[in-house]
Structures are given as structure tokens and as C-alpha cells.
1. With 10 angstrom as the radius, rank 94, 65, 83 by how many other C-beta atoms surround their C-beta, starting from the fewest.
2. Nearest-5 percent of antiparallel DSSP beta bridges in the chain?
3. Divide by every residue of the chain the summed helix terms, -39500 (n - 2.57) for each DSSP H run of at least 4, and state the resulting mean residue ellipticity at 222 nm, rounded to the nearest 500 deg cm²/dmol.
4. Quick one: longest stretch of the chain between exposed loop GluC sites (Glu not before Pro), exposed meaning at most 14 other C-beta atoms within 10 Å and loop per DSSP?
5. Neighbouring Cβ atoms within 10 Å as the yardstick, rank 33, 79 fewest first.
6. Can you give me the Cα centroid spacing of region 39-97 and region 5-21 in angstrom?
7. Among residues other than residue 34 whose Cβ falls under 12 Å from its Cβ, what is the net charge (Lys/Arg +1, Asp/Glu -1)?
8. Kirkwood Rh over Cα pairs of region 1-98 into Stokes-Einstein at 20 °C, 1.002 mPa s: D in µm²/s?
Amino acid sequence: MGAKPINALNILAVTKEMTDEEIAEVIRGVKDILAKDNIPLKGGHTIISEDLLCGLSVSGIVNKKNIKLNNTAKKDDLIVISKPIGFGTLISAKSVNEVDEKDYNEAIK
């Protein structure tokens, strides 16, 4: 936010059942999205998982006067939340079989 993106790294978790072509399709999709803002994908990390997960770490350059800090919020500032509060806790609980499957499926809709 307020920065010029320079490059991105992809964090990708794939399932054992996925084919090389399916994995390549996910990566192509990531590259297509990044290309809209001229952000090159420079690499990343891939692991095997029970679920397909895909995330990005984007690096950029920002002028000091445009930096947006997470500790300077003021009353009436807009907060953007990309996932429901508690979603990360739910995912962690699922990874150790501590969440009801019905609750999990409802949360990831």
C-alpha cells in the first residue's frame, strides 16, 4: 500500500493428486495476475499439502512519506480484512485435527 512493487515470491502448497500440468496452471494464473501490474515472479517455495494453498510475498519500494504503518490507525480509518477473523486459527486447528469438519467446510466457503 503506497509502494511500487518490484517482484514477488510464490508460496505454493499442492496436493499429491495434482498433476504437473495442474500445478503449472496455478503458477501461470499467478503470473497472469502479477503481469497486470508488471510484477515479475522471481521464485518461491512449493510443498505437498492436503489442500491447495497459494500465497505471495511482494517486495517493493516506497517513499518514506507514503509508508502505511500498522500502528498508526486513527478513529474512522478504513480497515481491510481479507479473511474472516479467526480463519488462521481455524486452519491451524485443522492441521492437527482439532476442528469439526462441518465447521471447517462452512468457514472456507
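What follows draws every value from the coordinates through simple rules; no lab data is involved. Predicted, not measured: the structure shown is a model, and the values here were computed from it. Note that we place each Cβ from the backbone using ideal geometry, even for glycine, and neighbour counts take in every protein chain shown.
1. Details: 94 18, 65 6, 83 11.
Least to most surrounded, the residues fall as 65, 83, 94.
2. Values: 9 of 16 bridges.
Just about 55 percent of them are antiparallel.
3. Values: 3 runs with 32 residues, N = 109.
Here the helix-only value at 222 nm equals -9000 deg cm²/dmol.
4. Values: sites that count: 17, 50, 98.
The longest such stretch corresponds to 51-97.
5. Working: 33 13, 79 5.
Going from sparsest to densest Cβ surroundings: 79, 33.
6. That distance is 16 Å.
7. Details: positive: 28, 31, 36, 42; negative: 32, 37.
Result for the local shell: +2.
8. Working: Rh = 16.2 Å.
Estimated via Stokes-Einstein, D reaches 132 µm²/s.
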